[in-house]
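*Asks:* Provided herewith is a single structure, encoded as structure tokens, for subsequent inquiry.
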Amino acid sequence: MVTELEDARKEAEYYRKIAKNTGDQFLRETEELSTLVNRIRGVEKALREGEERLRNIIEHSNEMFYLCDINQKFIYVSPKSQEFLGFKPDDMKSTWTDLITDNPDNRAGLESTVKAIESAIKQKPYMIECRKKDGNKILLEIDESPVLDEQGRVVAIAGAARDVTGREKLEADLRQAIKMEAIGTLAGGIAHDFNNLLMGIQGRASLMLMDIDRFHPFYDHLKGIEEHIQSASDLTKQLLAFARKGKFEVKPVDMNGLIRHASQMFGRTKKDIKINLLLQQDLWTVETDRSQMEQVFLNLLINAWHAMPNGGEIFIRSENRMLDIDFTHSFSALPGNYVKISVSDTGMGIDENIREKIFDPFFTTKEMGRGTGLGLASVYGIIKNHSGIIDVQSKRGEGTTFDIYLPGSNKEAPEVKRIDEKALQGAGTILLVDDEPMIINVGKALLERLGYRVIIAENGMAAIELYEEEKDRIDIVILDIIMPGMNGIETYKRLKKCNPEIKVLFSSGYSMDESSPEIMKLDTNGFIQKPYKFEKLSQKLRTMMGTN
Amino acid sequence: MKVGIGYANETDGMASGRKVAEKAIRDGNIKNPCLVIAFAGGNLDHFGFFNGIKSIVGNDVPVIGGSAIGVITNSELAYEGHPSVAAIIESDNLKIELGVAGDLDKNEKKAGQWLGAKFSGTDAGKLLLILYDSVKKGPTEKGPPVINASPPLIRGIEEKLKQNIPILGAGVIGDYGFGVTHQFCGSYVGSQSVVGLMLGGDFTPYYRVMHGCIPKDGIYHRVTKADGPVIYEMDGRPVVKIIDEQYGSSEWQKQNPVNRLTLAINHSEKYGDFLEADFVTRLISGALPDEKGIVLFEPDIREGDEVLFMLRNGTMMIDSVKKNTVELFDEILSRGEKPAFGLYIDCAGRTSAYSETLYEEASEVQQICNRYNVPLMGFYSGVEIAPVKGKNRGLDWTGVLLVLAQKY
């Protein structure tokens, strides 16, 4: 019995030890397993966080990412699809073919994808035009790369699509600006030389008219010549405006007043057109050349009138606008306060295919002889020259709206005074500096007819020498800006050193142009643009003499 | 009975409250709510959340519940971020009585007595649901957190009740760091409170306790030195030394609570077959910094008690949930009743993140509730309360599934 009990005790102890060891072993193993699981969880967490980061990048990127299988069917599309194409990723069409428009340029893009699949080589980015869910178009730049398996076989295509609809417009704007610049340089040069020629003709005509009365048989012919010179001068003015070489009297301008004045002038002669003004009160002023701005609105009104051969309505609206960089970026303009002026007509509208050409100089849809093709080109040049923005919206048959944005100003606009022009006799000595013999001859004769004594200098150096010799006698210097050798600016600076109180009237066929922007900053006494009339010159001189 | 469940996971408390209430009303097509049971993640603004719910259901509808480490619905299971949930109940024949007692941290038994006294006039209750603050004191450098003990609380309640009814519920907890918790006390947000909801009327409560531990080696140890929740010695040896030997190192001492090892008292035959439902398990909160003893989650193991070391087992835990949930629903259906609402009170240690399982055991409950179209609301708790062997007990490392069923 004792032996049996002893055996049972030993057996119990035996099993107890086994149970304990097994339990302890199990505990240790599960603890190790637990550590391992925790490590795996750590890796999973890191993976999840990595995925989260990647998803954040993808979802907040400006690009739409996607993955296609080798049949070009979408396997994955990032949520940007909603913004770009109007489809949520789950509702996306299955291939690009289902999304593209019938634009023939799309074919090249799709072929590029096929090439990438066939060659396993990344192709150059391409553009495709797609139709959004709402029917609108979007231009996408596609950058695709083949995804390879371990054997180097293409198993998918990974791509990124970028909305370049805006960029295309920006590039088009830039191309337009470069083209305009080139044409402008050419047009400006022609206008300059042409103005000099006109100055000669104008001068001669003025001199002849001084010697005859209105009953003379040539009087009407000479007046006719003056009118043609005026028309030719207007033409060069348009050319110079387009070439952005005509902004010379910048002052704060009340645009509402200017619009009212321009529309009244225009409306008086165009009775079949109704002009509606919707002008914001307390409109900011715009620092601009008033005559150029009048030219802008006159051209836009004429353009609208031509678009409505059977009459119609024109709406001119003005308002203050704060433009942010999102808006101004595509126009290469700065954000800030702008005065927006919209000129809308109810006319025939502009075809989409010619819309981007309308600001080109000499582009016209009008029959030969009805338009020069310089109206809208000069509008474009003037607005750009004022750091402004011009945009056009038009649909065939639905009218056209030109939106103009000009930098707003807080400065108060001075009152506008309109002066009658008549020739005023004067007295004193004038140093006339010009490299053109034709201008010298005509100018000298005109000035002498006005009662002035005239000294001639054919270049800058000669002018300085003469002035140093006779500065006590010379009252005013009429100085050409564009001259070979020492130009007008340099000459002016030298003369100014000689006599800080010197009175100088600048003259140019260019106006105060881009080639001499320094003039705008100089303390000058005045400027007169060739071809100038006898009367205008006489008034300028009298003002400078202080005897007006 | 109509029940709607709403879930949210948003940082703004007020917005979360409004959202869960609006969703629950829509989900259950609720017209006249009579009760809201709601839980919010510990880092959500509980006052805003409570007010958000009230702004939708009105001030007359009681809102009970409180903090939770995570929440469970038929389709959601979340313990990250700012999860929150609400169940809104509409019923003409559900009898609801609400009681609240405070100062739990001062004396659990008195708080229990105070709460029990509120229901002493009731003899038609079928179930008492209690939700109380688990955390008496957060962890400090000197030791692990101290929790409000469930045994004296339950005894206090039972002493004052007229009838022996099942008490189910939870000690609520808002985060694994044992931070401050809140309770929704019907019309206000409290702390160190116990909220009781006596439910009577035309329904039957069904419940099951899910386990997940097995005896490590089946060896009984006698507790030879203990004081409250701290055990110092077993079989005359320092308990920390005994556990060091089992692990083969002292690394486990860094764990709060201890991950794999628990203690249990077997309430059935000592050397009989292992019946999980007869074991009351206690989590080990951690070792004392001086290594002189271990702190248990509840202070109900005393000197002289025989205990076994248990191993937490993920596979067994999931099997237990599946088996018990299926059996519970089979029981309800076999009695010709229709399950109307499921409440799953799940120990926060049972999340897959804490128990190193590959998937969530609560998803088993979700699947089965979804199979029967039963609205489910669950939350992760500190302590679970449910009857074991006919006696209401505080439990650790369990899941308690309560289903209210009605006759067809």
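The values are calculated or read from the model by the stated rules, or taken from the named source; none is laboratory data. Computed from a predicted model, the values in this text were never measured in an experiment. Cβ: placed from backbone, ideal geometry, glycine included. Neighbour counts: every protein chain shown.
*Asks:* May I ask you to say which residue of B:Ala86, B:Ala8 is assigned by TED's automatic domain parsing to the domain that holds B:Val195, buried (at least 20 other Cβ atoms within 10 Å of the Cβ), closer than 29 Å to B:Glu364 by Cα and in contact with a Pro (Cβ under 9 Å, 6 or more places away or on another chain)?
*Replies:* B:Ala8
*Asks:* Considering only residues of the stretch B:127-158 that are among the charged types (D, E, K, R) and at pLDDT 95 or above, which is surrounded by the most Cβ atoms within 10 Å (Cβ to Cβ)?
*Replies:* Step by step, filter the stretch B:127-158, then rank; the result is B:Asp133.
*Asks:* For the condition assigned to a helix (DSSP H, G or I), more than 11 Å from every other protein chain (Cβ to nearest Cβ) and at pLDDT below 90, what is the one hit in A:Arg41, A:Arg107?
*Replies:* Answer to the check: A:Arg107.
*Asks:* May I pose another question? For the stretch B:117-140, which positions are touching a residue at least 60 places away in the same chain (Cβ under 8 Å), out of contact with any Pro (no Cβ under 6 Å at 6 or more places or on another chain) and either more than 23 Å from B:Gly378 (Cα to Cα) or in a loop (DSSP other than H, G, I, E, B) (or both)?
*Replies:* B:Lys118, B:Phe119, B:Thr122, B:Ala124, B:Ser134
*Asks:* From the residues in the stretch A:187-225 that are charged (D, E, K, R) and in contact (Cβ under 8 Å) with a residue 40 or more places away in the chain, which one is surrounded by the most Cβ atoms within 10 Å (Cβ to Cβ)?
*Replies:* Among those residues, the one meeting the criterion is A:Arg204.
*Asks:* Counting only residues that are surrounded by 22 or more Cβ atoms within 10 Å (Cβ to Cβ) and within 13 Å of another protein chain (Cβ to nearest Cβ), which one in the stretch B:311-350 is farthest from the chain's Cα centre (by Cα)?
*Replies:* Going through the qualifying residues, I end up with B:Arg312.
*Asks:* Same structure again: Considering A:Ile390, A:Ile481, A:Ile455, A:Ile404, which residue is without any contact (Cβ under 8 Å) to a residue 40 or more places away in the chain, outside the structural domain of A:Lys536 (by TED's automatic domain parsing) and hydrophobic (A, V, I, L, M, F, W, C)?
*Replies:* Every option except A:Ile390 fails the conditions.
*Asks:* Out of A:Thr35, A:Thr30, I need the residue that is farther than 24 Å from A:Lys88 by Cβ, within 14 Å of chain B (Cβ to nearest Cβ) and surrounded by 14 or more Cβ atoms within 10 Å (Cβ to Cβ). Which one?
*Replies:* A:Thr30
*Asks:* Which of the residues spanning the stretch B:189-224 are of a type in the set (Lys, Arg), surrounded by 16 or more Cβ atoms within 10 Å (Cβ to Cβ) and more than 14 Å from chain A (Cβ to nearest Cβ)?
*Replies:* B:Arg208
*Asks:* Residue under question is A:Leu54, and the condition is that it be in contact (Cβ under 8 Å) with a residue 24 or more places away in the chain, aliphatic (A, V, I, L, M) and either away from chain B (no Cβ under 14 Å) or in contact with a Cys (Cβ under 8 Å, 6 or more places away or on another chain) (or both); does it hold?
*Replies:* Taking the combined requirement at face value, the residue does not satisfy it.
*Asks:* Give me a count of the residues in the stretch A:83-118 that are touching a residue at least 40 places away in the same chain (Cβ under 8 Å), of a type outside the set (Phe, Trp, Tyr) and touching a Leu at 6+ places or on another chain (Cβ under 8 Å).
*Replies:* 1
*Asks:* So which residues in the stretch A:285-328 are in contact with a Pro (Cβ under 7 Å, 6 or more places away or on another chain) and free of Cβ contacts under 8 Å to residues at least 12 places away in the same chain, if there are any at all?
*Replies:* Within the stretch A:285-328, A:Asp324, A:Ile325 qualify.
*Asks:* Report the residue count in the stretch B:380-399 for those that are assigned to a strand (DSSP E or B), charged (D, E, K, R) and in contact with a strand residue (DSSP E or B) (Cβ under 9 Å, 6 or more places away or on another chain).
*Replies:* 2
*Asks:* From the list B:Val388, B:Val383, B:Val365, B:Val403, pick out the single residue that is touching a residue at least 40 places away in the same chain (Cβ under 8 Å), surrounded by 24 or more Cβ atoms within 10 Å (Cβ to Cβ) and closer than 18 Å to B:Leu153 by Cβ.
*Replies:* B:Val383
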